[in-house]
1. Is there a quick way to get the dipole size of segment 18-105? I mean about its Cα centre, with the Cβ of Lys and Arg at +1 and of Asp and Glu at -1; what is the value in debye to the nearest 20?
2. Kindly provide the pair-distance distribution of segment 18-105 built from C-alpha pairs, with 5 Å bins from 0 and whole-percent values in order of increasing distance.
3. If I stretch the segment between residue 49 and residue 37 completely, what's the gain in nm (0.36 nm per residue apart, minus their alpha carbon distance), one decimal?
4. For residue 70, give me every one of the aspartates and glutamates with a C-alpha distance below 18 angstrom, ignoring sequence neighbours fewer than eight places off in its own chain.
5. For the pair residue 20 and residue 86, what calculated FRET efficiency results from E = 1/(1 + (r/R0)^6), where r is the Cβ-Cβ distance and R0 = 25 Å, to the nearest 0.05?
6. Taking +1 at the Cβ of each Lys and Arg and -1 at the Cβ of each Asp and Glu, which of 33, 76, 44 sits farthest along the dipole of segment 18-105 towards its positive end, judged by Cα position relative to the Cα centre?
7. So what is the relative contact order for segment 18-105, in percent, with contacts set as C-alpha pairs under 8 Å and at least six apart?
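The numbers here are math on the coordinates, done by the rules we state, and not lab data. Not measured: the values here are computed from a predicted model. Neighbour counts run over all protein chains shown; Cβ positions are idealised from the backbone, glycine included.
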Amino acid sequence: MATKIASKKLKSTSSAYLTKDMRTDLSHRLARIEGHVRAVRQMLENDESCDELMTQLAAVRAATTQTIVKLFEGHMETCIRACVSTGKGEEALAGVKGALTTLLRQV
């Protein structure tokens with residue numbers, strides 16, 4: 001697999017470095033979030049209560065947050081490790097700092 005990745009000339013922090021299991025997990029989480037958002041939209045169209053809508057949107061936010069956490073864990077375990085091992089640790093650190101700044105702004 002390393003040969004396949006190297007031949008693509010990916011950015012050092014490309015999600016292609018994530019393991020297959022991690023990519024599958026993230027994909028499933030995103031599919032559940034997508035379905036949940038569709039259900040919330042349907043609730044809105046069905047004139048459900050604002051309390052119910054807010055409860056469901058809070059659940060969507062929690063699921064999204066957990067997906068971000070899983071992505072960040074995978075990023076640290078694979079992408080960052082790959083960068084450090086190839087001498088691109090500073091580039092990886094800059095990317096992590098930028099990502100964290102963006103994430104923390106949203107909190």
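1. Numbers: 12 positive and 12 negative charges, 86 e Å.
Charge dipole, segment 18-105, about its Cα centre: 420 debye, nearest 20.
2. Whole-percent P(r) values from 0 Å outward: 3, 13, 18, 16, 16, 12, 9, 6, 4, 2, 1, 0.
3. On the way: separation 12, 0.36 × 12 = 4.32 nm, distance 1.59 nm.
Gain on stretching residue 49 to residue 37: 2.7 nm.
4. 21, 25, 34
5. Details: r = 21 Å, r/R0 = 0.84.
The computed FRET efficiency comes out at 0.75.
6. Value computed over the given set: 76.
7. On the way: 34 pairs, mean separation 30.0, N = 88.
Relative contact order for segment 18-105 comes out at 34 percent.
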